[in-house]
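The values are calculated or read from the model by the stated rules, or taken from the named source; none is laboratory data. Bear in mind that the values here come from a model prediction, so they are computed numbers and not experimental data. In this analysis, Cβ positions are derived from the backbone assuming ideal geometry, glycine residues included, and neighbour counts consider all displayed protein chains.
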Amino acid sequence: MSLIAKIAIGMLIQPIMLVIPGLILKAWPPRVINSIYGYRTPRSSQSQEAWDYANRLAGKLFVILGCLQFLVFALLLVIAWHQPEEIQQRIYDIGMPLSAVLLVLLMVLIIAWVEIDLKKKFG
């Protein structure tokens, strides 16, 4: 497998890991509070209204942030494509750990955003 293919797979799989759960939450939101599927936190489970709101918002944020991350990574991939192999290797060595950290940060951002909104809306 070429280095640019490794970069593409490594960078583009992570935004997809945000978009797919978001699309699932949007297409098939959990109808009732449960412990298996959905945006499950103590605050989102306080009422059915909070549950519905949290799952809608989380799904929306997953899709939006995943698409933004995908666009940024696609641009970086285009830039990397036209670089010598030595530069591509550096992009891979630095980019893969950084993209994993970014994925975790985006997940934390989504949780914080939803929890703050839930607290404002439902107390």
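Within the bounds of segment 81-95, is there any residue that is among the polar types (S, T, N, Q), touching a residue at least 60 places away in the same chain (Cβ under 8 Å) and in a loop (DSSP other than H, G, I, E, B)? No, there is no match, as no residue in segment 81-95 is among the polar types (S, T, N, Q), touching a residue at least 60 places away in the same chain (Cβ under 8 Å) and in a loop (DSSP other than H, G, I, E, B). Residues that are in contact (Cβ under 8 Å) with a residue 24 or more places away in the chain and among the aliphatic types (A, V, I, L, M) were ranked within segment 108-123; the one that is farthest from Leu75 (Cα to Cα) is Leu118. The set of residues from segment 1-30 being aliphatic (A, V, I, L, M) and in contact (Cβ under 8 Å) with a residue 60 or more places away in the chain comprises Leu3, Ile4, Ile7, Ala8, Met11, Leu12, Met17, Leu18. Out of all the residues in segment 95-102, is one or more of a type in the set (Val, Ile, Thr), more than 20 Å from Val19 (Cβ to Cβ), at pLDDT below 95 and out of contact with any Asp or Glu (no Cβ under 6 Å at 6 or more places or on another chain)? No, the conditions are met nowhere in segment 95-102. Within segment 1-36, if we keep just the residues that are over 23 Å from Ala80 (Cα atoms) and of a type in the set (S, T, N, Q), the residue that is surrounded by the most Cβ atoms within 10 Å (Cβ to Cβ) turns out to be Asn34.
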